[in-house]
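This report refers to the structure that appears directly beneath it.
The values are calculated or read from the model by the stated rules, or taken from the named source; none is laboratory data. Every value quoted in this text rests on a predicted model; they were computed, and no experiment measured them. Cβ atoms come from the backbone with ideal geometry, glycine included; neighbour counts cover every protein chain shown.
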Amino acid sequence: MDRTVEPVILDFLNWLLERERSHKDVMHVCRTSRTRVQILREANRQRLVTIKRLNGCRVVKPTSLGLILGELRRELRRQARHSDRRWGHTVP
């Protein structure tokens, strides 16, 4: 089994970490690109996201593993920006 998590899936997790997303919102975004549907399927296959019913609505949420990976990526980006600033570089 492939254990590699593609950067685009990590970006998807980061998007989910910003705020709670309804399944409808995720599907609307996914409809704009076939690749995004594949990203959702792959994230689900790797058990990084789950779809749950909350207050009568389906929501897509990161699993515990998805939360850990998302937060780890955010921290690594913060460290990279801090390191680059020390050396006079700017990072978007």
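Yes or no, residue by residue, for (1) surrounded by 11 or more Cβ atoms within 10 Å (Cβ to Cβ); (2) at pLDDT 85 or above; (3) assigned to a helix (DSSP H, G or I):
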site	(1), (2), (3)
Lys61	yes, yes, no
Gly66	yes, yes, yes
Leu69	yes, yes, yes
Glu75	no, yes, yes
Asp84	yes, no, yes
Gly88	no, no, no
Pro92	no, no, no
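Scanning the range 13-24 for residues that are modelled with pLDDT of 85 or more and touching a strand residue (DSSP E or B) at 6+ places or on another chain (Cβ under 8 Å) turns up Leu13, Trp15, Leu16, Leu17, Arg21, Ser22, His23, Lys24.
Would a scan of the range 38-49 turn up a residue that is surrounded by fewer than 18 Cβ atoms within 10 Å (Cβ to Cβ), in contact with a strand residue (DSSP E or B) (Cβ under 8 Å, 6 or more places away or on another chain) and not aromatic (Phe, Trp, Tyr)? So far as the range 38-49 goes, yes, one or more of its residues are surrounded by fewer than 18 Cβ atoms within 10 Å (Cβ to Cβ), in contact with a strand residue (DSSP E or B) (Cβ under 8 Å, 6 or more places away or on another chain) and not aromatic (Phe, Trp, Tyr).
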